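Everything below concerns the one structure shown next.
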Amino acid sequence: MSNQDEEVAHPACILVFNASDPSGAGGLAADINTIASVGAHALPITTGAYARDTVEILDFFPFDPEAVTEQARAVLEDVRVSIIKVGFVGNADNLGVIAEIAEDYDEVPVVAHMPNLSWWDETNIDIYQDAFRELLLPHTTVLTGNHSTLRRWLLPDWASDRPPSARDIARAATEFGVSYTLVTGIPLPDQHIENVLATPEMVLVSGKFEHIEASFVGAGDTLCAALAALLGTGCDLAEATTEALTYLDQCLLAGFRPGMGGVVPDRLFWAQGEDDASDLNTHDGHANDPDHPTLTDFENPLNATRH
């Protein structure tokens, strides 16, 4: 094999810790589809399995930490990883082994997501979030999560009459070592929401989107995975955040309901034919908005040179 062959570029490899979701709405299924859609390659590490459908989570079965460690260490010894993405990992022990791996590979940025855990009992939520805060946040480059989730977790004693801003939440996260915080779903007037990437000192990216009247499943995993993959392909943080938010918005606009529960983001919306894309756009709130990208305007895969 020639040196030229050896140096052929390949997709960035994203190490993903998340749970198996048989509904395909979130978890590793969401991560793999999303990461592939934006031009990177997922290295999926299974942390456990949900028993769930599109309506609700019935139970969760975590993997032993040894199983999680063996999966990750095996691939890390073989493959150069660009980014580590952390979703739901099930328990404090698994958070501990992921934190050890992040420390051993401290040159690799970590993008971590705190999901809505309201389906779980309060004791498990407290244990998990305490461990996440103490063990994983010190190694986290970008933390993502919904405004209400991050507020309850990081600012439980917030006493002001005004809701905490993204910078307030970022300040709380920074106290545990997080560099940047992406806060989603901040309510705005006139049926809009704002998604903000912030540090305690400044807002780096702010995106305003029209609220879509639907109950989505897997949106958080989709955004976090897209951000991780875009960072892995070489985008700077502001560009990656903007692209990831636009990608998520288009996934939601093209979302579908495969069962009797929530709407699943269509992570492969860009593969729809022009007729399909046109039909989808005529049913969303942005159809006549020239400043809002449509399915046909959005270029995918985002990093076309890697396909």
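The values are calculated or read from the model by the stated rules, or taken from the named source; none is laboratory data. Not measured: the values here are computed from a predicted model. Positions of Cβ are backbone-derived with ideal geometry, glycine not excepted, and every protein chain shown enters the neighbour counts.
Per the conditions (1) surrounded by 17 or more Cβ atoms within 10 Å (Cβ to Cβ); (2) within 25 Å of A42 (Cα to Cα); (3) more than 17 Å from the chain's Cα centre (by Cα), the sole criterion not satisfied by E107 is (1). Can you name the residue in the stretch 220-261 that is of a type in the set (D, E, K, R) and out of contact with any Gly (no Cβ under 9 Å at 6 or more places or on another chain) and, of all such residues, is surrounded by the most Cβ atoms within 10 Å (Cβ to Cβ)? Among them, the one singled out is E243.
Identify all residues within the stretch 97-119 that are aliphatic (A, V, I, L, M) and under 20 Å from W153 (Cβ atoms); write none if there are none. Hits for the stretch 97-119 are I98, A99, A102, V110, V111, A112, M114, L117. Being modelled with pLDDT of 95 or more and farther than 24 Å from N18 by Cβ holds for only one residue in A238, A244, A228, and it is A238. Does A29 fit the bill of being buried (at least 20 other Cβ atoms within 10 Å of the Cβ) and part of a strand (DSSP E or B)? Against the criterion (buried (at least 20 other Cβ atoms within 10 Å of the Cβ) and part of a strand (DSSP E or B)), A29 does not qualify. Pairing each residue of the stretch 19-30 that is under 22 Å from P65 (Cα atoms) with any residue that is at pLDDT below 95 and among the small types (G, A, S), provided the two are 6+ apart or on different chains, yields C-beta distances under 7 Å for G26/G218. In the stretch 174-193, the residues that are without any contact (Cβ under 8 Å) to a residue 12 or more places away in the chain form no Cβ pair under 8 Å with any partner that is surrounded by 22 or more Cβ atoms within 10 Å (Cβ to Cβ), whether six or more places apart or across chains.
Summed over the stretch 43-89, residues that are touching a Ser or Thr at 6+ places or on another chain (Cβ under 7 Å), touching a residue at least 60 places away in the same chain (Cβ under 8 Å) and aliphatic (A, V, I, L, M) total 1. Once the stretch 94-104 is narrowed to residues that are touching a Leu at 6+ places or on another chain (Cβ under 6 Å) and either crowded, with 23+ Cβ neighbours inside 10 Å or of a type in the set (A, V, I, L, M, F, W, C) (or both), the residue that is farthest from G234 (Cα to Cα) is L95. Considering the conditions (1) within 30 Å of M260 (Cα to Cα); (2) over 19 Å from the mean Cα position of the chain (by Cα), E77 is excluded by exactly one of them, (1). For the stretch 179-193, give me each residue that is over 16 Å from the mean Cα position of the chain (by Cα) and crowded, with 18+ Cβ neighbours inside 10 Å. Answer for the stretch 179-193, where residues must be over 16 Å from the mean Cα position of the chain (by Cα) and crowded, with 18+ Cβ neighbours inside 10 Å: just I186.
Restricting attention to the stretch 172-185 and to residues that are at pLDDT 95 or above and in contact with an Asp or Glu (Cβ under 9 Å, 6 or more places away or on another chain), the residue that is farthest from P265 (Cα to Cα) turns out to be F176. Across the stretch 47-56, the number of residues qualifying as buried (at least 18 other Cβ atoms within 10 Å of the Cβ) and not in a loop (DSSP other than H, G, I, E, B) comes to 5.
With respect to the stated conditions, G234 is closer than 26 Å to E107 by Cβ and of a type outside the set (K, R). L95 meets the conditions (1) over 21 Å from D130 (Cβ atoms); (2) not in a strand (DSSP E or B) in every case but one. The failed one is (1). Being farther than 14 Å from L268 by Cα, in contact with a Leu (Cβ under 9 Å, 6 or more places away or on another chain) and crowded, with 23+ Cβ neighbours inside 10 Å is true of A19. When R80 is tested against (1) within 19 Å of E107 (Cα to Cα); (2) part of a strand (DSSP E or B), only condition (2) is not met. Applying the set (1) part of a helix (DSSP H, G or I); (2) among the β-branched types (V, I, T); (3) within 22 Å of L248 (Cβ to Cβ) to I125 leaves exactly one unmet item: (3).
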